[in-house]
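Visitor: I am attaching a structure below and will ask some questions about it afterwards.
The values are calculated or read from the model by the stated rules, or taken from the named source; none is laboratory data. Source: prediction; values computed, not measured. Here Cβ is always computed from backbone atoms with ideal geometry, including for glycine, and neighbour counts include all displayed protein chains.
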Amino acid sequence: MEINTTDIKYTVSQVILNDIIDSIFDQLPLLKCKNYFYSHNPPPKNTSPIKRKNSISNNNNNSSNSSNSNSSNNNTEPIYIPKRILFDTIVPNYTNTDTDKYTNTNTDTDTYIHINTNIDTTTTTTKIENNQLKNNNIIFEKEEIIKGNKVYTWQPKVLKQNKNDSCGYYSLFNSISILNACFNSDGQEAVQIFKQLQSRTLFWYTYITTIKILLEKARHSKKKLYPWTEKCVYKGVLERSYIDYLFERENVLSNQQYPITFLPDWAIQSLKNNRLPIDEMKEMTRIAQLFKTHDNYTHIFILGQAVHWITIIINKVGTKSEIILMDSRNYDLLGSTDQQFMAIANKYPELSDRMKQGFLYSLREPRILVQILKDCMLGDGDITKTLLQLNLIGFLENYYSHVIHQNHQPAALVSSSFFSCLENYLTNDDYNGIDGGCDFDSPQQQLIYWLENYWPPSVIEYNICQVLDTIITCKEDVHRYIEYKTLQSLSIWIKHTKDQVKDSLQVSLIQRFSITINWFHQKFSLLN
């Protein structure tokens with residue numbers, strides 16, 4: 001019996017086309033009656049509480065102490081006030097029947113999701129088995145008490161992205177959708193908006209609206225340079241300069257003044273190993289103050305994760321709060337184990353080792369960022385202290401992985417008061433990407449190797465010294481921003497490295513490094 005492949009292709013295509021047509025006609029009345037995403041009329045921009053920073057410009061040389069970063073904006077009231085906790089309002093109404101017509105039919109059948117219920121007096125964690133995931137729109141949920149208030153942490157199922165590089169646009173769509181569900185005064189409409197997180201039609205509507213804004217800019221650019229060409233825009237990658245334009249310049253998106261903050265370099269590996277983004281840390285301190293001084297406030301963070309963008313929403317209404325993680329790949333980023341993440345990565349053997357490592361980071365790191373934001377926005381954590389701690393630990397770990405002092409084994413670098421999820425992360429070589437050190441036996445050779453290949457003196461001064469000078473301006477700042485154990489390890493490192501440098505000044509690179517070490521010695525001598 002012959003099979004007519006033409007008929008099969010036509011039938012499959014017709015089914016897909018019919019689904020698209022049905023979805024369009026189902027949602028057209030909603031779009032005609034009220035354009036939820038782009039029809040808000042907030043006050044003029046000069047009264048907006050969201051003072052945005054250029055996402056790729058971190059000129060920190062003239063930055064003031066981050067402790068003063070809120071002085072000019074503390075009294076500004078938020079434009080958008082959330083009306084509900086979505087977990088309480090949306091989840092009970094989020095039935096499988098209602099969402100079937102919106103759900104992407106390419107359901108992920110991976111078996112990396114398992115069940116793990118951990119119940120105590122303060123925290124309830126629920127995970128969903130793989131056979132339930134296909135018919136359930138919540139990937140992960142957790143309930144806990146922070147400072148006497150109930151906090152939900154959960155990950156909903158969203159529209160799964162195609163195999164392309166458009167994750168930034170999916171994150172933007174997810175962000176706008178969730179914000180409108182939070183702010184809408186009509187509970188039924190809020191539920192409807194939230195359900196449409198899995199609507200491919202509505203995603204493409206948002207995508208095309210955004211692309212049109214960027215194309216207009218590209219067509220009017222006098223110099224056709226990357227990425228401001230039509231060809232680059234059509235590639236569908238949300239470049240950083242596009243983000244700046246979308247939220248800084250006059251256009252239909254920026255006019256909404258949504259409380260959205262893009263953080264392009266907030267992968268844990270970047271925060272550990274690169275210069276800390278002082279301006280962004282100041283903005284985050286300001287946002288944290290809004291959560292602390294307002295009963296109702298919502299903010300969106302779109303974070304760059306190595307090779308991917310994710311969305312984290314913090315929504316506070318009265319004595320309840322929720323943290324919502326959204327990932328356009330629909331992987332369980334909050335509950336999966338390292339083995340399960342590795343199993344996912346192993347499904348892509350075509351990836352180079354470097355790309356595979358970046359992919360693994362994008363799976364493992366979001367739960368750390370959720371914990372950091374939860375602690376600093378809803379708890380007693382300080383974002384400057386947290387990130388400085390992370391950065392200094394990363395620096396010292398890298399040093400001791402390549403330079404071994406014969407008479408010194410570094411003390412534990414992570415304080416017990418620092419969150420436990422970071423402790424495992426920071427002491428796991430698989431996460432750190434440490435190559436096990438170099439093959440040189442001589443400490444002098446090891447030091448030279450480290451300075452040549454990892455941390456040249458000029459890089460240490462730019463990434464570490466300048467940032468410390470910006471944040472720490474007095475003795476009180478040292479104890480305010482650096483954990484005791486980290487400070488202890490840093491002091492030991494300064495002493496031992498200074499002694500080692502003394503014996504090797506005939507080497508020009510080490511002689512140059514001695515200037516850097518002297519800076520550290522002078523900076524922290526006020527502790528003695």
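Visitor: Quick check on this structure: which one of Lys150, Lys134 is modelled with pLDDT under 95 and assigned by TED's automatic domain parsing to the domain that holds Ser336? Outline the logic, then answer.
Guide: Values: Lys150 fails: modelled with pLDDT under 95.
Being modelled with pLDDT under 95 and assigned by TED's automatic domain parsing to the domain that holds Ser336 holds for just one of Lys150, Lys134, which is Lys134.
Visitor: A further question on this structure: Considering each of Leu276, Leu253, Leu225, Leu246 in turn, give the residue that is among the hydrophobic types (A, V, I, L, M, F, W, C) and assigned by TED's automatic domain parsing to the domain that holds Thr311.
Guide: Working: Leu253 fails: assigned by TED's automatic domain parsing to the domain that holds Thr311; Leu225 fails: assigned by TED's automatic domain parsing to the domain that holds Thr311; Leu246 fails: assigned by TED's automatic domain parsing to the domain that holds Thr311.
The conditions single out Leu276.
Visitor: Tell me which of these Ile208 doesn't satisfy, since it passes every other one: (1) farther than 30 Å from Gln389 by Cα; (2) touching a residue at least 12 places away in the same chain (Cβ under 8 Å); (3) hydrophobic (A, V, I, L, M, F, W, C).
Guide: (2) is the only condition that Ile208 fails.
Visitor: Pairs under 8 Å by beta carbon, first residue in contact (Cβ under 8 Å) with a residue 12 or more places away in the chain and assigned by TED's automatic domain parsing to the domain that holds Thr497 in the stretch 446-467, partner surrounded by fewer than 19 Cβ atoms within 10 Å (Cβ to Cβ) and of a type in the set (Gly, Ala, Ser), six or more apart or different chains?
Guide: Gln446/Gly437; Leu447/Ser504
Visitor: Only one residue in Asp477, Asp469 is within 20 Å of Lys272 (Cα to Cα), of a type in the set (D, E, K, R) and surrounded by 14 or more Cβ atoms within 10 Å (Cβ to Cβ), so which one is that?
Guide: Asp469
Visitor: Looking at the structure I just gave you, is Phe341 assigned by TED's automatic domain parsing to the domain that holds Thr285, within 14 Å of Ile310 (Cβ to Cβ) and either within 20 Å of the chain's Cα centre (by Cα) or buried (at least 19 other Cβ atoms within 10 Å of the Cβ) (or both)?
Guide: On the way: assigned by TED's automatic domain parsing to the domain that holds Thr285: yes; within 14 Å of Ile310 (Cβ to Cβ): no; either within 20 Å of the chain's Cα centre (by Cα) or buried (at least 19 other Cβ atoms within 10 Å of the Cβ) (or both): yes.
The answer is no for Phe341.
Visitor: Considering each of Gln511, Gln446, Gln506, Gln522 in turn, give the residue that is at pLDDT 90 or above, loosely packed, with under 13 Cβ neighbours inside 10 Å and either more than 24 Å from Ile268 (Cα to Cα) or touching a helix residue (DSSP H, G or I) at 6+ places or on another chain (Cβ under 7 Å) (or both).
Guide: Numbers: Gln511 fails: loosely packed, with under 13 Cβ neighbours inside 10 Å; Gln446 fails: loosely packed, with under 13 Cβ neighbours inside 10 Å; Gln506 fails: at pLDDT 90 or above.
Step by step, each of Gln511, Gln446, Gln506, Gln522 is checked, and only Gln522 is at pLDDT 90 or above, loosely packed, with under 13 Cβ neighbours inside 10 Å and either more than 24 Å from Ile268 (Cα to Cα) or touching a helix residue (DSSP H, G or I) at 6+ places or on another chain (Cβ under 7 Å) (or both).
Visitor: Inspect all residues belonging to the stretch 382-392 and state whether any of them is crowded, with 21+ Cβ neighbours inside 10 Å, aliphatic (A, V, I, L, M), in contact (Cβ under 8 Å) with a residue 12 or more places away in the chain and not in a helix (DSSP H, G or I).
Guide: No, because not a single residue in the stretch 382-392 is crowded, with 21+ Cβ neighbours inside 10 Å, aliphatic (A, V, I, L, M), in contact (Cβ under 8 Å) with a residue 12 or more places away in the chain and not in a helix (DSSP H, G or I).
Visitor: For the stretch 201-255, what are the residues that are under 22 Å from Ser39 (Cβ atoms), among the basic types (Lys, Arg) and part of a loop (DSSP other than H, G, I, E, B)?
Guide: Arg249
Visitor: Among the residues of the stretch 369-391, count how many are in contact with a strand residue (DSSP E or B) (Cβ under 7 Å, 6 or more places away or on another chain) and of a type outside the set (Gly, Ala, Ser).
Guide: Taking the stretch 369-391 first, the residues in contact with a strand residue (DSSP E or B) (Cβ under 7 Å, 6 or more places away or on another chain) are 369-370, 373-374, 377-379.
Pick out the ones that are also of a type outside the set (Gly, Ala, Ser) and you get 369-370, 373-374, 377-378.
Going through the stretch 369-391 one residue at a time, the tally reaches 6.
Visitor: Separate question: When you go through (1) within 20 Å of Asn315 (Cβ to Cβ); (2) among the hydrophobic types (A, V, I, L, M, F, W, C); (3) surrounded by fewer than 21 Cβ atoms within 10 Å (Cβ to Cβ) one by one for Cys232, which number turns out not to apply?
Guide: (1)
Visitor: Sticking with this structure for a sec: Starting from the stretch 287-298, take each residue that is modelled with pLDDT of 95 or more and among the charged types (D, E, K, R) and list its partners that are surrounded by fewer than 22 Cβ atoms within 10 Å (Cβ to Cβ) and not in a helix (DSSP H, G or I), counting only C-beta distances under 7 angstrom and pairs at least six apart or across chains.
Guide: Asp295/Gly318
Visitor: In this structure, does Leu360 turn out to be in the same structural domain as Ile312 (by TED's automatic domain parsing) and part of a helix (DSSP H, G or I)? Let's see the steps before the verdict.
Guide: Values: in the same structural domain as Ile312 (by TED's automatic domain parsing): yes; part of a helix (DSSP H, G or I): yes.
When the stated conditions are applied, Leu360 passes them.
Visitor: Okay, moving on. Got a sec? Which of Lys224, Lys212, Lys195 is charged (D, E, K, R) and surrounded by 20 or more Cβ atoms within 10 Å (Cβ to Cβ)?
Guide: Working: Lys224 fails: surrounded by 20 or more Cβ atoms within 10 Å (Cβ to Cβ); Lys212 fails: surrounded by 20 or more Cβ atoms within 10 Å (Cβ to Cβ).
Answer to the check: Lys195.
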